[in-house]
1. With all pairs of different alpha carbon atoms counted, what Kirkwood hydrodynamic radius in Å does region 221-341 show?
2. Might you tell me the accessible area per residue for the chain, computed with a 1.4 Å probe and given in Å²?
3. Sketch the reach of a paramagnetic label on Arg120 as a point 7 Å from Cα along Cα-to-Cβ, and name the residues of region 11-37 whose backbone nitrogen lies under 14 Å away.
4. Probe radius 1.4 Å, ligands and nucleic acids left out: which of His137, His214 has the largest accessible area, and how do the rest follow?
5. With the contact rule set at Cα under 8 Å and sequence spacing of 6 or more, what percent relative contact order holds for the chain?
6. With θ taken as phi - 60° and the coefficients 6.51, -1.76 and 1.60, list the Karplus ³J(HN,Hα) couplings across region 347-356 in order, rounded to whole Hz; mark glycine and proline as x.
7. Tell me, what HN-Hα J-couplings in whole Hz come from the Karplus equation 6.51 cos²θ - 1.76 cosθ + 1.60 at θ = phi - 60° for each residue of region 199-209, using x for Gly and Pro?
8. Would you please give the residues with an amide H less than 5 Å from that of Ala272, counting only those at least 5 places away or on a separate chain, with H modeled from the backbone geometry?
Amino acid sequence: MVADGHSPMKYDVAVVGAGPAGAWTAYVLASRGARVVLADPSHPREKPCGGGVTGRALALVRPSLALDRLPAVSIRTARFIDTPTAKTARVPLDGGTLTGALVVASRTEFDGLLLAAATRAGAVLVPARVTNIEIEHGGFRLDTADGKAQRVGWVIGADGANSLVRRRLARPFRRDQLSIATGFFARGISSDEIVLELVGDPPGYLWSFPRPDHLAIGICSAADAGVTAGALRARVAEWIRVTGIASGAPLEPYSWPIPSLSPRDFGTLEVAGHGWVLVGDAAGLVDPITREGIFFALQSGAFAAETLASGCSRPERCYRDRVQAQIASDLARAARIKAGFFRRRFTRLLIDAVGKSPRIQAVMADLIAGRQSYRGLKWRLARTLEAGLLWRMMTEKP
Ligand SMILES: Cc1cc2nc3c(=O)[nH]c(=O)nc-3n(C[C@H](O)[C@H](O)[C@H](O)COP(=O)(O)OP(=O)(O)OC[C@H]3O[C@@H](n4cnc5c(N)ncnc54)[C@H](O)[C@@H]3O)c2cc1C
């Protein structure tokens, strides 16, 4: 490819960041014959994350990945707890295999498998940080920390919540568009149960997700809720003490931002422009209630790659429309009911309902597995008496 008579381009597309979004975009593009360069200096690495990979995310990658080689825990139950009242309720999940509702994996392993698939398909990994992006001669010049530069026609920003591509070609997330997630990896301990506690102040939840040889324990809360990461982490430490969940295991702290957009933000997403596309966290595609982001990273990566490979005459518009219709509209529904989810009265009622009703257990299992859209949630809940009440509590004004 030659742009405007200047030096020939070695690659058609540069993907910045090789997390799930970037590695999967690179895999799909390279499999379709595009010349792809993938820049990320971090592998192999752990990413601050629960590491929960839902059934729908697994289904997306299963045809292309050797998932049987992924060291992961298949989750059998989700335990909801309420420490102030000492109440507990369990939701059975169809765990036990890598086809179940939810598996939990180390991100070193999961992202490593995706990256290996991308390079096997022909994407070229440049293990260097992208330090600058300039629009140049009808394409882009990317400078990397190893002192080299790449000239390409297309740039995919898959560089996470602090995306440089987003900052250079669109605009950074505002503080009110981010959550802080912080907590600890508890080494040398595991389980086949996730533990969740919904909390009202600041609104969010505490979790413990078991990987094969450690637990990822944490809390997330709006970044503008007036609580520091240090105070949130102290709360996690106290939760670990009260619940006894990590029973003396060594704790290793982590903190990381997660995009958490409002209904309005989801309606006006800035995810593509002339020659560039944002995918995954860089695009803000995270469920604002569950904070599931891995599935949307994979899905938006596939959409971006398919759009570029499709020959669509306005790729940025094709991609934006597809993301809006198939991802953002449902996430906007989640954002609309989010406040109610973490209200104290709702969480108490939820634990009681989960404890009593197999139908509510089934709804919660499907939400955790990503099988229940927010679009259909209201009608499904409305079909049971307790759930009708739950729905009113979730949507009533404070
Ligand atoms: C504490 C926590 C818990 C979470 N738990 C879950 C969960 O259980 N399940 C779930 O589905 N989601 C969870 N999420 C969300 C999930 O982690 C993200 O949505 C997901 O990782 C997004 O993937 P991504 O590829 O878009 O970005 P990332 O995974 O963040 O990958 C971005 C990559 O870009 C690279 N990069 C950044 N800047 C540059 C640069 N300038 N040049 C080159 N490379 C660069 C980074 O090294 C990184 O490898 C959680 C998030 C947090 C913070």
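The values are calculated or read from the model by the stated rules, or taken from the named source; none is laboratory data. Just so you know, these numbers come straight off a predicted model, no measurement behind them. As a convention, Cβ positions derive from the backbone with ideal geometry for all residues, glycine included, and neighbour counts pool all protein chains shown. Just the protein is used for accessible areas: all its heavy atoms, side chains included, with ligands, DNA and RNA removed. Shrake-Rupley method; radii C 1.70, N 1.55, O 1.52, S 1.80 Å.
1. Kirkwood radius, region 221-341: 16.4 Å.
2. Per-residue value: 41 Å².
3. 24, 27-28, 31
4. On the way: His137 80, His214 5 Å².
If we order His137, His214 from most to least accessible, we get His137, His214.
5. It comes to 19 percent, rounded to a whole number.
6. 5, 4, 5, 4, 4, 4, 5, 5, x, 9
7. Residue by residue, region 199-209 yields 10, x, 9, x, x, x, 8, 9, 9, 10, 10 Hz.
8. Distant-sequence amide H within range of Ala272: Leu278.
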